[in-house]
1. For region 520-537, enumerate the residues that are in a loop (DSSP other than H, G, I, E, B) and of a type in the set (G, A, S).
2. So which residues in region 195-254 are acidic (D, E), modelled with pLDDT under 50 and not in a loop (DSSP other than H, G, I, E, B)?
3. Going by the structure shown, is T266 polar (S, T, N, Q), touching a helix residue (DSSP H, G or I) at 6+ places or on another chain (Cβ under 7 Å) and at pLDDT below 85?
4. Select from region 512-527 the residues that are farther than 14 Å from L415 by Cβ and either of a type in the set (S, T, N, Q) or more than 36 Å from the chain's Cα centre (by Cα) (or both) and list them in ascending order.
5. Given the residues W293, W381, W363, which is the only one that is at pLDDT below 75, closer than 23 Å to L263 by Cβ and aromatic (F, W, Y)?
6. Would you mind stating whether P156 is closer than 20 Å to L93 by Cα and not in a helix (DSSP H, G or I)?
7. Checking L56 against (1) modelled with pLDDT under 85; (2) closer than 20 Å to L202 by Cβ, only one condition comes out false. Which one?
8. Looking only at residues that are touching a Pro at 6+ places or on another chain (Cβ under 9 Å) and part of a strand (DSSP E or B) in region 483-501, which one is surrounded by the fewest Cβ atoms within 10 Å (Cβ to Cβ)?
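The values are calculated or read from the model by the stated rules, or taken from the named source; none is laboratory data. Quick caveat, the model's predicted, so the values are computed rather than measured. In this analysis, Cβ positions are derived from the backbone assuming ideal geometry, glycine residues included, and neighbour counts consider all displayed protein chains.
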Amino acid sequence: MKTAEQTLLAARQSGLLPADAMLPAQDERPWPVLLLTAVGAWFAAVPLMIMIGMLLGDVLRRGVGPYFVGVLVLLAAVVVMRSRDLPLFVEQLAVPALLVGGGMLVVGLYRDLSTSLASLLMLAVTLGVAWAIPKTWLRVLLGAAAAALLGLVLMPLRWNMWRADIVVPWLVLHALLLAWGAALWLQQQHLLRGRLAREAALLEALAAGWLLLVLAGLAWLSGMSFMVGGSMGELSREVVNNLTPRLKGEGLTMQAGSVLMALAATWLAVRAWAGLMGWLPLAVAAVLAGLGWFVPALGGVLLAAAVCCTTQRWRLASAAAFVAAWVLGSFYYQLQWPLATKALVLAGAGGLLGALAWLAPAWRASRVDHGGPARPGPAAWAMLAGGLLTLLVANGAIWQKQDLIARGRPVFVALAPVDPRSLMQGDFMRLNFGGAGFDETPLLQALGSARPKVVARIDARGVATVLRGRQPEHALAADELLIELTPKDGRWILVADAWFFREGDGERWAQARFGEFRVQPDGRALLVGMADADLKPIKP
């Protein structure tokens, strides 16, 4: 790793920086002091800004008031932050002033102009402020703001973020990504050298914030990632599923674009590192490109990661890697693909990557030519054992469910559908199986691992009525059986509280009046379908 001084010397010798360029002075104040001072400044500034807003309320809402106050406060904040040897407290006071000034301009411009024109003017203001204030952290934030403003310029006026197809924001985000790549190309082509070294530094900071905003947008566009939504409980029903992408007919454009960008990322990596030219790295790239077909946001993230890695922007590369993992996890919630297809794709990709990892030592040995056969290392054996264990656990769970379906007793329980449609995860019915013994069942049964069970009576048709919680001292009657409860969101439910179905099939499932279960003698139960009022199964 090169030190900052070595990097500066290399930049001088190559002409990227002037001969008299020096490293910026380092702030020697401890970070706790910086943090406490910033908190104190914000506590002092925010009430002051609120009071001024209340005093000038009419002026700020009418005529040229927002422009006059906005420009005045913005210029004052810029002058303060450009001052040398600025006390930290005063600097932090200028930050909320900067936000207030920009906010006033936003109020005026978006009130009087179209969204596109107002966004374009605010983009110019943002870039001007970034050029005027030589603080890297602030320029990164302004770079993110600039990307958002340009996105508003490119976004159609009538597009609705919660209902419209995701092709439009996908195109906008990737246009921003290409703009970011073009800016870095301009910088690397030595067009910003010598006397333009300050502009090159400005571009570097703005580009960092720009990319972070684009990556956040791609993560948002891909939807909620696997396991994150489930950990949010009921909140996920109202928030998470609104972030579930819905591919329409134009999804083919995004899928093809994602694959092309994944291939472009491979080309950049191979071009920068000749050692990647081989069948094994290219096979890994092919697997990732294939995943990009199923997850349209993945290709752009991989391209951003490749650019960051090949230009040694490791922090941004780490952010891109995190977003790539998030995007891959979102595949679970993409309801346009059947669950079996998603499982097959992910299992196939995982198997291929595992096999390639197993073959990696032999491939490296063939390129280095150690003179002997290569043997799999401990990492390969651990990966193989982990893969086999995963398959064993998964298939064991599947076998248990299949056995329960095949051998379990058919039982019907009356239900009351609630909220028959959710716009977040496609369509589903929230189920409410009422019965005695639910509320009085403790969530932690004597701190043991056994789940509580309830007693249900079965009539001649096979319809169960929940009677009470299980009491071990009482024997079951001939027409009674046990049903095991399941914990969900701090309460006990009867096996499941939701039934998912394909989008557009709501009318068919609205006829459901009973849940169809398979129940084992020990109380283990599984919800296998819905039935109408005549106990006839509803077919998907």
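1. G523, A533
2. Residue satisfying the conditions is E238 alone.
3. no
4. Hits for region 512-527 are R518, V519, Q520, P521, D522, G523.
5. None of the others qualify; the one that does is W363.
6. Numbers: closer than 20 Å to L93 by Cα: no; not in a helix (DSSP H, G or I): yes.
Answer is no for this residue.
7. With (1) modelled with pLDDT under 85; (2) closer than 20 Å to L202 by Cβ applied to L56, the lone miss is (2).
8. I493
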